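J.: After the C-alpha cells below, expect a handful of questions from me.
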Amino acid sequence: MQTPPQPSQNPSQAPKQPDATGPKKRQHPVIAIDGPAGAGKSTLAAHLARRFGFLNLETGAMYRALALKAIENDYAFDEEEPLVDLAGRTRITLQPQLEGNRVLLDTIDVSRRIREADVTSAASKISIHPRLRAWMVQQQRALGEAGGVVMEGRDIGTAVFPDAEVKIFLDAAPEVRGNRRYRQATPESIAAGDPNNRQNPSRQNPDRQAPDPLTAEQQRLAEEAVIRELKERDYRDRHRAESPLQPASDAVILDSTAMTLDEVLARAEEIVRSHLPK
C-alpha cells in the first residue's frame with residue numbers, strides 16, 4: 001500500500017459509493033466478511049483465501065496499527081481531529097502471508113504487537129470516528145479494488161465494498177463468542193489479566209515462574225469479563241455514527257452459535273461457490 005493521501009476534512013468528502021450505473025467489472029471477486037468481535041472472521045477469511053486462491057487482507061489490522069501509533073504518541077482516543085491528523089502522517093502496509101497478514105507501521109513490523117489487549121481495546125475506540133473511518137475506507141478500497149481478495153471487518157460489505165460479489169455476515173451469541181475466546185486463551189494470559197491471549201511472547205521472561213492455576217471461581221469471573229468486553233465492543237460498533245455494524249441487505253447471515261468450526265467453514269464455502277460464476 002502506498003503512502004496514504006491526507007484524510008478528508010469533511011465527512012461529506014468521504015469516498016463515494018460505486019456509480020449508480022454499476023460498478024466496474026472486476027476480473028476476480030471480492031469476498032466480504034463482516035461481523036462482531038470474536039465471531040471468527042479472521043479464521044474464516046484465512047480459510048476461504050487458501051481454499052479459493054485469493055489474498056486475505058485483514059482490514060482490522062489497519063485500525064490496530066493506527067491505534068498502536070496513537071498509544072505510542074499518547075493520543076486521546078476520543079479526540080477525532082488529532083487522530084485524523086495522525087492518520088495523514090501514517091503509512092500502513094499489509095503483506096499477506098500464508099499464516100496471516102504481516103503488518104508494517106511506518107516500515108516497522110508490528111504484526112505481533114497489534115494483537116495485544118491494549119491495542120485491541122484502543123482500535124475499537126478510535127474506529128467510531130466518522131472521518132477516520134472514511135480515511136480507512138479509502139485505503140481499503142485501494143487495496144482490494146482489483147478483486148481476488150477476501151476482506152474481513154465490520155463494514156466491508158456495507159461501506160468498503162457494497163458491490164462485493166460475495167457477502168457473509170458471520171455472527172454468534174456474545175456468550176458463545178466470549179466462551180470460545182476464553183477457551184483459546186492460555187492460563188498464563190488469563191492470570192496476567194489478558195484473557196484475549198494477546199501478550200507479546202518476545203516480552204515475556206522465560207525464567208519467570210508460571211502463575212498458579214485459576215480456581216473455578218476465578219475462571220468464571222475471567223470468562224464473564226471476556227463476555228462483558230465483547231458486549232461493550234458490540235455496542236460501540238453497532239451504535240457508531242459512521243458505518244455502524246450491520247449486515248448488508250444482500251449478505252448471507254451465517255450464525256455459528258450452534259455450529260462447529262468445520263460446519264462453519266463448509267457452509268461458507270457453499271455460500272462462496274453459489275455466488276461465483278459457473
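J.: What residue, of Ala241, Ala258, Ala268, Ala248, is closer than 12 Å to Leu170 by Cα, among the small types (Gly, Ala, Ser) and part of a loop (DSSP other than H, G, I, E, B)?
T.: Of Ala241, Ala258, Ala268, Ala248, the one residue that is closer than 12 Å to Leu170 by Cα, among the small types (Gly, Ala, Ser) and part of a loop (DSSP other than H, G, I, E, B) is Ala248.
J.: Can I ask one more? Got a number for residues in region 51-87 being of a type outside the set (A, V, I, L, M, F, W, C), under 18 Å from the mean Cα position of the chain (by Cα) and over 19 Å from Ser243 (Cα atoms)?
T.: Here the count works out to 2.
J.: Go through region 122-147 and count every residue that is open to solvent by 40 Å² or more (accessible area, probe 1.4 Å) and over 30 Å from Arg26 (Cα atoms).
T.: The total comes to 2.
J.: Going by what's in this entry, would Arg89 be described as closer than 26 Å to Val119 by Cα, out of contact with any Asp or Glu (no Cβ under 8 Å at 6 or more places or on another chain) and at pLDDT 90 or above?
T.: Details: closer than 26 Å to Val119 by Cα: yes; out of contact with any Asp or Glu (no Cβ under 8 Å at 6 or more places or on another chain): yes; at pLDDT 90 or above: yes.
Judged against the criteria, Arg89 is a match.
J.: Here's another thing I want to ask about it. Can you find, within region 122-132, the residue that is nearest to Asp74 (Cα to Cα) among those that are part of a helix (DSSP H, G or I) and at pLDDT 90 or above? So that I can check it myself, show each step before the final result.
T.: So the first thing to find is which residues in region 122-132 are part of a helix (DSSP H, G or I), and the list is 122-126, 130-132.
Next, only the ones that are at pLDDT 90 or above stay: 122-123, 125-126, 130-132.
Numbers: Ala122: 12, Ala123: 14, Lys125: 14, Ile126: 13, Pro130: 21, Arg131: 20, Leu132: 17 Å.
The selected residue is Ala122.
J.: Just give me the residues in region 241-278 being open to solvent by less than 50 Å² (accessible area, probe 1.4 Å), of a type outside the set (Val, Ile, Thr) and under 21 Å from the mean Cα position of the chain (by Cα), in sequence order.
T.: Ser243, Pro244, Leu245, Ala248, Ala251, Leu254, Ser256, Leu265, Ala268, Glu269
J.: Restricted to region 232-273, and to residues that are in contact (Cβ under 8 Å) with a residue 24 or more places away in the chain and among the small types (Gly, Ala, Ser), which residue is nearest to Lys167 (Cα to Cα)?
T.: Residue satisfying both the conditions and the ranking: Ala251.
J.: Limited to region 75-100, what total is found for residues that are assigned to a strand (DSSP E or B), farther than 16 Å from Ser127 by Cα and in contact (Cβ under 8 Å) with a residue 60 or more places away in the chain?
T.: Result for region 75-100: 2.
J.: Every residue in region 148-164 that is out of contact with any helix residue (DSSP H, G or I) (no Cβ under 8 Å at 6 or more places or on another chain) and open to solvent by 20 Å² or more (accessible area, probe 1.4 Å), please.
T.: Pass one, region 148-164, residues out of contact with any helix residue (DSSP H, G or I) (no Cβ under 8 Å at 6 or more places or on another chain): 148, 157-158, 162-163.
If the condition is that a residue be out of contact with any helix residue (DSSP H, G or I) (no Cβ under 8 Å at 6 or more places or on another chain) and open to solvent by 20 Å² or more (accessible area, probe 1.4 Å), then Thr158, Pro162, Asp163 are the ones that fit.
J.: Taking region 165-181, which residues are open to solvent by 10 Å² or more (accessible area, probe 1.4 Å) and either touching a Pro at 6+ places or on another chain (Cβ under 8 Å) or part of a strand (DSSP E or B) (or both)? Talk me through it step by step, then tell me what you get.
T.: To start, the set of residues in region 165-181 that are open to solvent by 10 Å² or more (accessible area, probe 1.4 Å) comprises 165, 167, 171, 173-176, 179-181.
Once the filter is applied, which keeps residues that are open to solvent by 10 Å² or more (accessible area, probe 1.4 Å) and either touching a Pro at 6+ places or on another chain (Cβ under 8 Å) or part of a strand (DSSP E or B) (or both), region 165-181 yields Glu165, Lys167, Asp171, Pro174, Arg181.
J.: Mind checking which residues of region 92-118 are aliphatic (A, V, I, L, M), surrounded by fewer than 20 Cβ atoms within 10 Å (Cβ to Cβ) and closer than 13 Å to Met62 by Cβ?
T.: Leu104
The values are calculated or read from the model by the stated rules, or taken from the named source; none is laboratory data. Keep in mind the model is a prediction, meaning the values are calculated, not measured. As a convention, Cβ positions derive from the backbone with ideal geometry for all residues, glycine included, and neighbour counts pool all protein chains shown. When the accessible area is computed, the model is the full protein with side chains, heavy atoms only, and any ligands, DNA or RNA have been set aside. Shrake-Rupley method; radii C 1.70, N 1.55, O 1.52, S 1.80 Å.
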